[in-house]
Every structure is written in C-alpha cells, then in structure tokens.
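Read-outs: derived from the displayed coordinates by stated rules, not from any lab. The structure presented is a predicted model; accordingly, all values stated were derived computationally and were not measured. Here Cβ is always computed from backbone atoms with ideal geometry, including for glycine, and neighbour counts include all displayed protein chains.
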Amino acid sequence: MSSLPVLVLNSGSSSIKFSVYEAGDGQRAKLHEGAVDGIGTDLGKFWIKDAEGNKLVDQTPALPTRAIAFKLVADALHSGDFPAPVAIGHRMVCGGPTVQENQLITPELIDEMELYTAFAPLHTPIACYIMRESLRLFPDVPNFVCLDSYFHRTMPEVVSHMPIPEEYSAMGVRRYGAHGISYESIVYQLQPNVPKKLIVAHLGNGASITAIRNGECLDTSMGLTPTGGIISGTRTGDIDPGVLLFILRKIAETGVTAAEAADKLEAVASKKAGLLGVSELSNDMRDLRDAIKEGNAKARLAVDKFTWTIAKWIGSYVAELDGLDMLVFTGGIGENDINARAEICAGLSALGIVLDPQRNNVRGEAVISSEHSPVTVRVIPPAEDLIIVNHVVRLLGK
Ligand code: ADP
C-alpha cells in the first residue's frame, strides 16, 4: 500500500489551521489536525490531535509573528513524529480574474493572485504569505492552491457581471463569491443524488447563500468581496452604495488622506457592521441569543435582520432556479442555531419549505423538514479539507 500524506492549510487573521490526510490508494483518512492560534500575542496555542481526538501536541508558545507560528507547524511535520506531507493544499478565497483554476503554486502564481488583494482584503495577504513560507519551508513538496472562487466559476455572465462602467469590469471587478469549497463539499456529500434545484446557506461568522443547478453554481450572494451578500457577523452585506458614500464623506471630514479614508471605510463595512454593528454587542450568535433572552432589543433587531435577509434571498433563488428540491443549512450557525433555522423557514411555506419542529431540534447532520414538506431541508456540516485533498490528488495525477 502506498502512502500519500497530504497537508491542508487554512490560514486566518490570527490562526493557521491544518490537517493531514492519508490519501494513498484512494483513501481519505484524516490522520491529524491542528492549529496555531493567537498569532500576534504572547499567549498563543499550538496543538495537534490524532484522528481519535487525542492531543499529541499541546503548547502555549508566544506567537509574535505569523512566521514563528508557521515554523512551529513546519518543524512538527519535519520532526519525524508525524508523516511528512508529500503534497500541500492551500485554501484561498479568490484568485482574481486570471487565476480561476486550482493549480500548482509557483512564486509567479502567488505574485499574480496578490495583484487582486482588494478582492478579498482580509484573506489574500495572509494566504499569499503562507504560500510563500510553505514553498520556502517545504521546498521539495508540490504546493497547490484551492480556490473558493473555483466553485462559482460556472455562474452565467448575467449573474457575475456587475452593473458598473465597463472600465472597472475590465479590471476584473465582478462577482466571485466565497465559501466555494464549503459549497463544493455539500454537493460532494449529496452525491450520487444531487438535487437538480438546490439552495445552500453557509451561515458562519461570514455568511453566504448559493443557488446550485445540476450541481453547479448558478448564483451566490457574496460579490466581488466577502463583504457583499447577506448581513454577517461583522459585515454589511449588500447595501445601498449611497450609504458607503455618506460614511466616506463623514470620514473625509476628519482630514485623513484618501488611502486612510478607504481603510477606515473598509473597516466600517467589513469589521464593525453586520450583527456586531446593529447589536452594538457581539458578532457571535451565541452572545446575541443570550442577550435576546434578557430582553435586549438591539440583539433582537440584529438577529431578525439576519434571518429576514436570508429568507428574502432564499425566495429570490427559488425564482432563479424556477423551483426548489432541497435547502441545506451549514456553517456554525446553520448547524447549531435551531432558532435561526426555524425563524428563516417560518415564512417560506408558500415556497414548499416546511420544517418539523422536533426534527429541527438538533445540532449537526439531519433532515429537518416535515414529512409532507415539498422541499427537503437538511443540515450538513461542510467537509472543506476533504475537498482540498481531492483536488490535490487529482492535480498530482496530472
Ligand atoms: P467561521 O466563519 O469563522 O468558520 P463558524 O462556521 O465556526 O465560523 O460559525 C461561527 C458562528 O456559529 C458564530 O456566530 C457562533 O456563535 C455560531 N454558533 C456556534 N455554535 C452555536 C450554537 N450552539 N448556537 C448558536 N450559534 C452557534
């Protein structure tokens, strides 16, 4: 039996998550998973667990820089205590207009993707940094990029094209969407019976919703950047451009430079808005649910805005798909927030979506629609790392 350990890397603003899969001879067995968390602090965490959940590494190092954090991962995987990867898959939100396919990473490819940092400003710089470090620290191992935007590449132009002057469209400004690897993993898990007309709501800290026809993306809520679409933890979602201009002018009145004003506006729209902005309390759904129990009206408004917007979006996607066979909830809120699912579906019976309250009283994978609901409603956790491993194995074989 040949061994093919594949490392999957998923880097965020303060953490690097990773997993190692054995992918030899068609297997997809997770061997280890781990994370370095708390990057930029003296109180970091570095852990690795085996497939049974036993902690094999459990440290609390100082993690002043991302370089130090990633070196810990590389050193552990080179130590001989764990299988050294023979291939590495990197999650990347958006490759820009010129990089739409998952592929082998070269220094030139990273430079090219980095030109479009503005299309995923919170994600691209970090992902590119880790890719460069990975080429340096694993010089003999092929590294592959797996794009969220890959799943959304099938959107027709009428959907992806933005209603802006052509000169900006020519610069690559259009709808790319995000969470594509999660959506791909839901379709994968539904095989071989992928419904013809499917809507998936990925509701996590970032939230989006996608209409899928015959297993391919037809439309998705996130736009050029992950700030577009439905309201989420700290992001506005789609909003009247006049609102952004009003805020921009207010910021400009404080006498900052144009670049500083743009940064401040970006922070308002993507870090201070959404559930956090409306509730003035938290971007975390659990905190908001606790506050609602105590009668907090702003928390109630924030959550109502969230569920209302999602219900509206489901309605428009049913129109685009000309019907619906299945609705799937995924992501931290989609999998765990029983009330959110009930509130979203409450007014959708005319679309054939009828939840069973007992079945919905569940966390994790389940069918939650009533027996007589014309549309099946399911909860399915994403399997993003598995999808990345599948792409890596496919690309290795090329
Ligand atoms: P990310 O987008 O960072 O991957 P997740 O998919 O982990 O986020 O989802 C995080 C969200 O899920 C948070 O808003 C969190 O409050 C919510 N969540 C997690 N568990 C629960 C729960 N039991 N009830 C309600 N919300 C939950």
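Quick notes on this structure:
- DSSP bridge analysis restricted to the chain gives an antiparallel fraction near 70%, rounded to the nearest 5.
- Taken about its Cα centre, segment 168-227 carries a charge dipole of about 140 debye when Lys and Arg each add +1 at the Cβ and Asp and Glu each add -1 at the Cβ.
- Rg/Rh for segment 27-125 stands at 1.02; both radii use Cα atoms, and Rh follows the Kirkwood definition.
- Cα-based Kirkwood hydrodynamic radius, the chain, one decimal, Å: 22.2
- Whole-number percent relative contact order across the chain, with pairs defined as alpha carbons under 8 Å at least 6 apart: 13
- Hydrophobic long helices, here whole DSSP H runs in the chain with Kyte-Doolittle means of at least -0.5 and Cα atoms spread over 24 Å or more along the helix axis, are found at 297-321.
- Based on the reciprocal of the average 1/r between different C-alpha atoms, the Kirkwood radius for segment 1-74 equals 12.8 Å.
- Anisotropy class of segment 257-398 from Cα gyration tensor, a/c 1.5 cut: oblate
- Ordering of 358-365, 264-271 by packing is 264-271, 358-365, highest average first (other Cβ atoms within 10 Å, averaged per residue).
- Only lysines eight or more places from Lys45 in sequence, or on another chain, were considered; those with a Cα closer than 19 Å are Lys17, Lys55, Lys71.
- Taking N as the residue count of segment 129-220, its C-alpha radius of gyration divided by 2.2 N^0.38 Å amounts to 1.33.
- With contacts taken as Cα pairs under 8 Å at a separation of at least 6 residues, segment 205-295 carries a relative contact order of 24 percent.
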